[in-house]
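Throughout, read-outs are computed from the coordinates displayed, never taken from laboratory work. Just so it is clear, the structure is predicted and the values come from calculations on it, not from any experiment. Virtual Cβ from ideal backbone geometry, glycine too; neighbours counted across all protein chains shown.
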Amino acid sequence: MPNWIDIFSLTLTLSLISSIVYAILLVSRQVSESITSTQENLKNKGYTISREGMSVKTAKRFDRSDYVDVTQRGFVKAYGAASFGKDNLGSASHQESNTKRNGR
């Protein structure tokens with residue numbers, strides 16, 4: 001015959017287990033809702049995420065000449081930023097090194 005401590009322990013154990021299960025269900029539901037709302041926000045911005053991958057919606061259509069122009073502009077900027085073809089004869093560090101070598 002079970003006494004009152006056994007019944008209390010059983011009730012406490014079952015309530016503890018059910019509370020843990022409820023908390024897990026609540027957290028998983030909140031995470032699912034958060035994922036859904038994030039996907040909706042991204043979809044409104046033009047990004048669509050699915051199991052197969054991600055797609056980006058653009059408002060513009062570009063033709064070949066647009067791509068060529070952008071590519072050429074990028075090459076010109078990269079060439080201008082490069083230092084391998086520049087002449088350093090007029091730079092201050094080059095003049096200082098010549099002065100030190102010549103003893104002036």
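Things to note:
- Gain in span if fully extended, residue 28 to residue 6, counting 0.36 nm per residue against the direct Cα distance: 4.6 nm
- Simple label model, 7 Å out from Cα along Cβ direction - residue 67 to residue 14, nm: 6.8
- Förster radius 25 Å - calculated FRET efficiency between residue 81 and residue 52 (Cβ-Cβ, nearest 0.05): 0.05
- Anisotropy class of the stretch 1-91 from Cα gyration tensor, a/c 1.5 cut: prolate
- Whether the stretch 1-52 is rounded, prolate or oblate, judged on the alpha carbon gyration tensor where a/c under 1.5 counts as rounded: prolate
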